[in-house]
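The values are calculated or read from the model by the stated rules, or taken from the named source; none is laboratory data. This structure is a prediction, so every number in the text was calculated from the model and none was measured. As a convention, Cβ positions derive from the backbone with ideal geometry for all residues, glycine included, and neighbour counts pool all protein chains shown.
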Amino acid sequence: MQGKYLETYQSWMGDPEGFWKAQAERLDWFKPADKVFDAEAGVYGRWFAGAETNTCHNCLDRQIAAGRGTQKAIIYDSPMTGAKQSFTYDEVLTEVQAVAAVLKNHGIGKGDRVIIYMPMIPEAVFSMLACARIGAIHSVVFGGFAAHELAIRIDDCNAKAVISASCGLEPGRVVPYKPLLDHAIDMAQVKPEYSFVFQRDQHHAALRYEHGDVDLAKAVEVEKVNGTQVACEPVAATDPLYILYTSGTTGQPKGVVRDNGGHMVALAWTMENIYGVKPGEVFWAASDIGWVVGHSYIVYGPLLAGNTTILFEGKPVGTPDAGTFWRVVADHDVKVLFTAPTAFRAIRRDDPDGEFARKHDTSGLRALFLAGERADTETIKWAEKILDVPVIDHWWQTETGWPVAANPAGLGLLPVKYGSPAVAMPGYAIDVLDDAGHPVPRGTLGNIVVKLPLPPGCLVTFWNADERFRSSCLEEFPGYYKTADAGLVDEDGYVYVMARTDDIINCAGHRLSTGAMEEVCAMHPDVAECAVIGIADELKGQIPCGFLVLKHNVNRDFKVIEREIVQLVRDEIGPVAAFKNVMKVERLPKTRSGKILRGTMQKIADGMPWKMPATIDDPAILDEITVVLKQHGMAK
Ligand code: COA
Ligand code: AMP
């Protein structure tokens, strides 16, 4: 293997604590760690125990002290509104201090949870950093989730406040956020004391001041005029920086908890070593702050590393066309781009010959990173041809917060093997185990697991749910973290990630729980039972598809029921669920013990080879499912 990868990985393996201690030196600490790793603390140990720091200080104040005050920190580019605006590190600090002052004035402080439900606007990033500055714990909720999902999160983290905006913008429509927020608060058991609302020009929300609504921009303006300064609150390195809810196997999402210290250390290391960007350069993660990619690589990673980050409010296609990405790359001199494969599939569909790409000067771009779902070889090859840069598939999860496996551009690219996100990054010792927990030979499919302890930056637990974290991630394979991904490691150490081992699907780069969708379908009064599976889709990777068995006495038009159920999922989970395919079946295929054979149904739909499960109760039901799929044009 070329470059410094092997040497770096071995240096980590030889002395994990020494490796991360050295990486921590690039950051500021108010108090050094008593122990680099405390194996006795937390669920599986804690990194940088005893240290005190502040993530906002390291993102802003430290960079300014190092002379980056006048460098652009954030470039906001919105093809939705036509706005283009940049903020230097100095300017971001001013904005963040003003938001921090507003929060403090309303009694929000260290350890309080603040939900951020905002579109891709600079105020969202200022709000995240303001929480970090005062030691409050933010929890960003993606704008495509509906009121019910928001309510679940408000309750689970016992939010003291919500920061929101009057609206989000989707192509061709304005999405008013305030009615969703009000509905969520009405539904939630916990009533946040304040809702800070940023009024956007596209739509003004009616504020209910008597219910604790605050006009965020007005309050911020007062602090800016007064020049209010807010010092960074020292927090323990092990204190939570944020909670990010992600889909689990049930409707109850898992609150991934990220700490302050380990998170900074890991992300700062990745920017130069994995992504190969130097301080001062422009890095663009075309994602959303509601997802982990947005947390790690729109906000924290680039700022911790002294980069300029891009906040893009738009879509890869249709805003206005498939050339938007190339326009942004050219306009802002983007050096490294990171997005989901689905975005490239959408661009390729609209511009197969790359004509839009030729209209813009993308020669400054050095690499494209893809993650969030399996990157198909055709898409990678197409992107390589269009952009003439290395296209790097890398694999990670909300839980890990940074790549588990990648081809590290900064350490020197390794040979590309299509279909593989390359090799384990320092911090991760990857094994593949069979269902009984025994290692399988190289090249054999199994459960991908990571040896404990997880490296800095990975989740430390689920919010208020240590036991759920243990039982869902650590118990099945003792001594390991279960990724819930199936795959293999080949002779050269290249990882291949093939499928989830649970009911999570990846739709348009968004992680969704089919279990949660089943729970919603089952709420419909006409539904006796149901199964939701992910079916392969050329654009989105996978799309959810519901199979419904209706109650015997139901004789309403199925088209009406179908519309109601699609709407129900949209109302309960949100438009992001992309739940549009519903089929009526007489029976669901089950094992003799009553387990629905979702995996077999999925294989049939995807046209994959499948075997009749030995435990099946009635094999004829699979034929019935095949017929229904064919009738709907859904069988491959
Ligand atoms: N607020 C409100 N609604 C939202 C939303 C948001 N932030 N994000 C998505 N939605 C809505 C969409 O408008 C759509 O609504 P519709 O059913 O009324 O059309 C629905 O949720 C489904 O959205 P999506 O699955 O994203 O489909 P799409 O057709 O709008 O876009 C892509 C398809 C591929 C262009 C888009 O999904 C994309 O850019 N994906 C990349 C995702 C990504 O960056 N993931 C992060 C990991 S790196
Ligand atoms: P999320 O938590 O939303 O980032 O989704 C994580 C899941 O997405 C992983 O567990 C994988 O199933 C899938 N995933 C992410 N990146 C890749 C990749 N490069 N290749 C294959 N699957 C991926």
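Remarks
- Scan of segment 15-59 for residues that are more than 19 Å from Y300 (Cβ to Cβ) and part of a helix (DSSP H, G or I), ordered by number: P16, E17, G18, F19, K21, A22
- Residue-level analysis places P32 outside the set of residues that are of a type outside the set (A, V, I, L, M, F, W, C) and touching a helix residue (DSSP H, G or I) at 6+ places or on another chain (Cβ under 7 Å).
Per-residue answers, yes or no, for (1) within 23 Å of the chain's Cα centre (by Cα); (2) within 15 Å of ligand 1 (Cβ to nearest atom); (3) among the polar types (S, T, N, Q):
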site: G509; (1), (2), (3): yes, yes, no
site: E518; (1), (2), (3): yes, no, no
site: C521; (1), (2), (3): no, no, no
site: D526; (1), (2), (3): no, no, no
site: D537; (1), (2), (3): yes, yes, no
site: K551; (1), (2), (3): no, no, no
site: I573; (1), (2), (3): yes, yes, no
site: A577; (1), (2), (3): yes, yes, no
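- Filter result for the condition that a residue is within 14 Å of C59 (Cα to Cα) and assigned to a loop (DSSP other than H, G, I, E, B), over G248, G280: G280
- Identity of the residue in segment 186-221, at pLDDT 95 or above and in a helix (DSSP H, G or I), that ends up farthest from A101 (Cα to Cα): M187
Here is a yes/no grid of residues against (1) closer than 24 Å to G144 by Cα; (2) hydroxyl-bearing (S, T, Y); (3) in contact (Cβ under 8 Å) with a residue 40 or more places away in the chain:
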| residue | (1), (2), (3) |
| --- | --- |
| A484 | no, no, no |
| E491 | no, no, yes |
| I504 | yes, no, yes |
| T514 | yes, yes, yes |
| E519 | yes, no, yes |
| A531 | yes, no, yes |
| C545 | yes, no, yes |
| H552 | no, no, no |
| E572 | yes, no, yes |
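- Residue under evaluation R62, criteria (1) assigned to a helix (DSSP H, G or I); (2) within 25 Å of Y480 (Cα to Cα), criterion not met: (2)
- If you check W382, W402 for being surrounded by fewer than 23 Cβ atoms within 10 Å (Cβ to Cβ) and not acidic (D, E), only one passes: W382.
- For the residues T377, T270, the requirement of being within 19 Å of W396 (Cα to Cα), away from ligand 1 (no atom under 16 Å from the Cβ) and out of contact with any strand residue (DSSP E or B) (no Cβ under 7 Å at 6 or more places or on another chain) singles out T377.
- Within segment 446-473, considering residues that are in a strand (DSSP E or B) and touching a helix residue (DSSP H, G or I) at 6+ places or on another chain (Cβ under 7 Å), the one nearest to G261 (Cα to Cα): T461
- Residue count for segment 356-377 under the criterion of being touching a residue at least 60 places away in the same chain (Cβ under 8 Å) and away from ligand 2 (no atom under 16 Å from the Cβ): the result is 1.
- Conditions (1) away from ligand 2 (no atom under 16 Å from the Cβ); (2) over 28 Å from A484 (Cα atoms); number of the one not met by P390: (1)
- Against the test of being of a type in the set (D, E), in contact (Cβ under 8 Å) with a residue 12 or more places away in the chain, more than 16 Å from ligand 1 (Cβ to nearest atom) and surrounded by fewer than 18 Cβ atoms within 10 Å (Cβ to Cβ), the options D215, D239 yield a single qualifying residue, D215.
- Exactly one residue among G294, G290 is within 16 Å of ligand 1 (Cβ to nearest atom), in a loop (DSSP other than H, G, I, E, B) and within 24 Å of A146 (Cα to Cα), and that residue is G290.
- When the residues of segment 478-495 are filtered to those that are more than 25 Å from A286 (Cβ to Cβ) and either surrounded by 20 or more Cβ atoms within 10 Å (Cβ to Cβ) or in the same structural domain as A531 (by TED's automatic domain parsing) (or both), the one that is nearest to ligand 2 (Cβ to nearest atom) is A484.
- Any chance V449 is in contact (Cβ under 8 Å) with a residue 40 or more places away in the chain and of a type in the set (A, V, I, L, M, F, W, C): no
- Every residue from segment 121-133 that is surrounded by 24 or more Cβ atoms within 10 Å (Cβ to Cβ) and either within 17 Å of H510 (Cβ to Cβ) or of a type in the set (V, I, T) (or both): V125
- Scoring D353 on the criteria (1) out of contact with any helix residue (DSSP H, G or I) (no Cβ under 8 Å at 6 or more places or on another chain); (2) within 12 Å of ligand 1 (Cβ to nearest atom); (3) charged (D, E, K, R); (4) assigned to a loop (DSSP other than H, G, I, E, B) leaves a single failure, condition (2).
- So C458, is it touching an Asp or Glu at 6+ places or on another chain (Cβ under 8 Å), within 13 Å of ligand 2 (Cβ to nearest atom) and more than 22 Å from R46 (Cβ to Cβ): no
- Out of V197, V162, one residue alone is away from ligand 2 (no atom under 16 Å from the Cβ), without any contact (Cβ under 8 Å) to a residue 40 or more places away in the chain and in contact with a Phe, Trp or Tyr (Cβ under 9 Å, 6 or more places away or on another chain). It is V197.
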